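**Q** Just dropping this structure here.
Rule-based calculations on the coordinates, nothing more; no lab input. What you see is a predicted model; the values in this text were computed from it and never measured. Every residue, glycine as well, gets a Cβ built from its backbone with ideal geometry; the counts of neighbours run over all protein chains shown.
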């Protein structure tokens, strides 16, 4: 998710134009996401309709990794951003460090209606993606690997493998390979996960660091199976590569919306937050990009056709096959310790 | 002449110095504002975070992850320097001994890849070295190998691509030094009956050593800070120091943890410069004289 490209300049310019014409007439907020095709999809599906409905101006900015900027902006005491779309873990961590506003869900009815696992005191799920098991259909025309246990089974499924060079989702996969049920993962048994990873380590050709790299590995046939983000795999498949993935035992991850502590337009930001997770706006998002809506009610609106819904990570039947990532665990001390342990695992 | 009038040439020289300083000052200000201050600020953060702390340095010196990364970085840099010298010396020698037109051609060929983005070159090596890459497919076509060789996603691939990128930094100082070796010396050696190889060993090689040292220092120091090449071609296992720096920003969410790693590397580089400068004047390493 961090590799979505910037198109911030264009947005900033557009925003600036909007600012000069509408600033004194209407309320406004500054919204920040990760740029690229992803932010464009949001603009069409969510941001423009929300701005129209609320009669506000939404100034856009984009940044691949918002976390350092959140820290500096709030640290300076005068943040310029209001609402940020960033991986849920950062919203939580930011909340605990006093960088993110605590949400009053009575003012955000759309979010209050969402399942509790889809929100936390500081943020609301905005969109879903999944870390899935992807494979080459050339190597596995039939009997493809269908679980992390299969991925770990180098005898039954010979071939080159890649995993992400990051503990998040990878530890979950290792535990599922070791027989832990997707809904019984947390708190993670970190020792057990690393033991299982030691087992597969000699068979991993590449530990990838960027989404683009994972796509290239699969596309070029450099690896036969790997963990990858669903949107990356479907993009490669659309280009004509013989690749596929399974949602079975995927790790469902999300980015969330949160509001910076001391945001200049707090009240409008709260209004926008409610509007942004409106089921209909949310249902429009997957019509423009391969990410699932953050609000599961979007699937009940009829906007998403059943065949499209079946492709999306957060569609209820797909979601049921997957593990829902606990960002609360990852931002706990145990999670942070696991993240630090990763480096020494990699270099041994 | 014994007059109390100040030497006019000295006065003139002083005025010229003043003018030079005035001309240089905008550049100095830019360097100060854009390099010295931010770097200083980052270094400061490594020892100051809600009060003075040596925690960041304690981590660097006690956790073996860091030690392994530093060791790997120095190993890779040494290997790259050695290979670049072996490849670069003959090229520089050739460019020095052929007529001018040819030497321009050779040097252009050396510098040409230099103008291509490092990222593009890393991907080019990926296309050559990976399992389905040109080299493996060619070797399999010739039946030399039955299984593809692991040429990339490891230290080997990193070293190959890094040598490619840094080769000009070896060839150019070597060539510059060789240019200054008078040809008469070789002829004198020959006229005294020495064989070409003996003249080379006894006369040319020793005289080219400053260039060797200059080139090696450049390549070694630049290699220490390589980031994108090991990141793309190292397969995740080749963790060089620069990657630790970036990882620490993510892991500890503060610049100090990353900055400490960079400071240690910087001090290491300065130490190397110091040692090298005992053998050779730094001016020459930096290509001044």
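**Q** Would you order A:281, A:166 from fewest to most other beta-carbon atoms within 10 Å of each residue's own beta-carbon?
**A** The fewest-first ordering by Cβ neighbours comes to A:166, A:281.
**Q** Would you mind telling me which residue in A:131, A:123, A:234 has the biggest mean-square fluctuation in a Gaussian network model of chain A, where springs connect alpha carbons within a distance under 10 angstrom?
**A** Evaluated over chain A, the most mobile residue of the options is A:234.
**Q** Cα centroid distance between segment A:149-168 and segment A:102-148, in Å?
**A** Answer, in whole Å: 22.
**Q** For chain B, set up a Gaussian network in which alpha carbons nearer than 10 Å are linked by springs, and say which option among B:146, B:77, B:242 fluctuates the most.
**A** Greatest mean-square fluctuation among the candidates belongs to B:146.
**Q** To make sure I understand, if each residue's beta carbon is the centre and we count other beta carbons within 10 Å, what order do B:102, A:152 fall in, fewest to most?
**A** With the sparsest Cβ surroundings first, the list reads B:102, A:152.
**Q** On the principal axes of its Cα set, how long, how wide and how thick is the protein assembly as shown? Give whole Å, largest value first.
**A** Extents along the principal axes: 96, 79, 47 Å.
**Q** Something else about it: Working from Cα positions, state the angle (0 to 90°, nearest 10) between the long axis of helix A:266-276 and the longest principal axis of chain A.
**A** 50
**Q** From Cα pairs below 8 angstrom and at least 6 apart in sequence, can you work out the relative contact order of segment A:215-300, rounded to a whole percent?
**A** On the way: 54 pairs, mean separation 17.0, N = 86.
RCO, segment A:215-300: 20 percent.
**Q** Mind pulling the angle between the C-alpha long axis of helix A:333-347 and the longest principal axis of chain A? Nearest 10 degrees, somewhere in 0 to 90.
**A** 50
**Q** Which whole number in µm²/s is D for segment A:153-306 by Stokes-Einstein, with the Kirkwood Rh taken over Cα pairs at 20 °C and 1.002 mPa s?
**A** D, rounded to a whole number, is 118 µm²/s.
**Q** If you count the DSSP beta bridges with both ends in chain A, what percent of them are antiparallel, to the nearest 5?
**A** Once the DSSP bridges in chain A are tallied, antiparallel ones form about 60 percent.
**Q** Here's a follow-up. Considering every residue in A:208-217, what mean count of other chain Cβ atoms within 10 Å of its Cβ is obtained?
**A** On the way: counts 4, 8, 2, 0, 0, 4, 0, 0, 4, 4.
Taking all residues of A:208-217 together, the mean is 3.
**Q** Using alpha-carbon positions, what is the distance between the centroids of segment A:177-234 and segment B:118-186, in Å?
**A** First find each Cα centre; the distance between them is then 31 Å.
**Q** Which three extents, in angstrom, do the Cα atoms of segment A:174-237 have along their principal axes, listed largest first?
**A** Its Cα atoms span 34, 26, 17 Å along the three principal axes.
**Q** Any idea what Rg and Dmax come out to for segment B:16-61 if you just take the C-alpha atoms, in Å?
**A** Answer for segment B:16-61, Rg first and Dmax second: 16.9, 51 Å.
**Q** Return the FRET efficiency for the residue pair residue A:138, residue A:37: r is the Cβ-Cβ distance, R0 is 30 Å, and the value is rounded to the nearest 0.05.
**A** Result of the calculation: an efficiency of 0.65.
**Q** What is the calculated FRET efficiency for residue B:54 to residue A:210, with r their C-beta to C-beta distance and R₀ = 41 Å, to the nearest 0.05?
**A** For residue B:54 and residue A:210, the calculated efficiency is 0.75.
**Q** Extending each Cα 7 Å along its Cβ direction at residue B:17 and residue A:191, get the distance between those two points in nm, one decimal.
**A** Here the answer is 7.1 nm between the modelled labels.
**Q** Take every residue in peptide B:228-240, count the Cβ atoms of other chains within 10 Å of its Cβ, and give the average of those counts. Don't skip to the end; give the middle numbers.
**A** Working: counts 0, 0, 0, 4, 5, 1, 4, 8, 13, 8, 2, 5, 0.
That works out to 4 on average.
**Q** Could you line up A:153, A:104, A:61 from fewest to most neighbouring Cβ atoms inside 10 Å? Write down the numbers at each step before the final one.
**A** On the way: A:153 14, A:104 10, A:61 21.
Least to most surrounded, the residues fall as A:104, A:153, A:61.
**Q** May I ask you to derive the FRET efficiency for residue B:39 and residue B:201 from their Cβ-Cβ distance with R0 = 56 Å, giving the value to the nearest 0.05?
**A** E(calc), rounded to 0.05, equals 0.80.
**Q** I want to verify the translational diffusion coefficient of segment B:49-159 in µm²/s; compute it with Stokes-Einstein, Rh as the Kirkwood radius over Cα pairs, at 20 °C and 1.002 mPa s.
**A** 118
**Q** Can you tell me which of A:295, A:165, A:120 moves the most in a GNM of chain A? Springs connect C-alpha atoms under 10 Å apart.
**A** A:165
**Q** 222 nm [θ] for chain A, helices only, -39500 (n - 2.57) per DSSP H run of 4+, per residue, to 500?
**A** Result for chain A, helices only: -11000 deg cm²/dmol.
**Q** For chain A, what does the alpha-carbon gyration tensor say about shape, rounded, prolate or oblate, given a ≥ b ≥ c as the root eigenvalues, a/c under 1.5 as rounded, and a/b over b/c as prolate?
**A** Taking the square roots of the gyration eigenvalues as a ≥ b ≥ c, chain A is prolate.
**Q** So what's the back-of-envelope 222 nm ellipticity for chain B, counting only DSSP H runs of four-plus at -39500 (n - 2.57) apiece and dividing by all residues, rounded to 500? Please report the intermediate quantities before stating the final value.
**A** On the way: 15 runs with 214 residues, N = 289.
So the helix-based figure for chain B works out to -24000 deg cm²/dmol.
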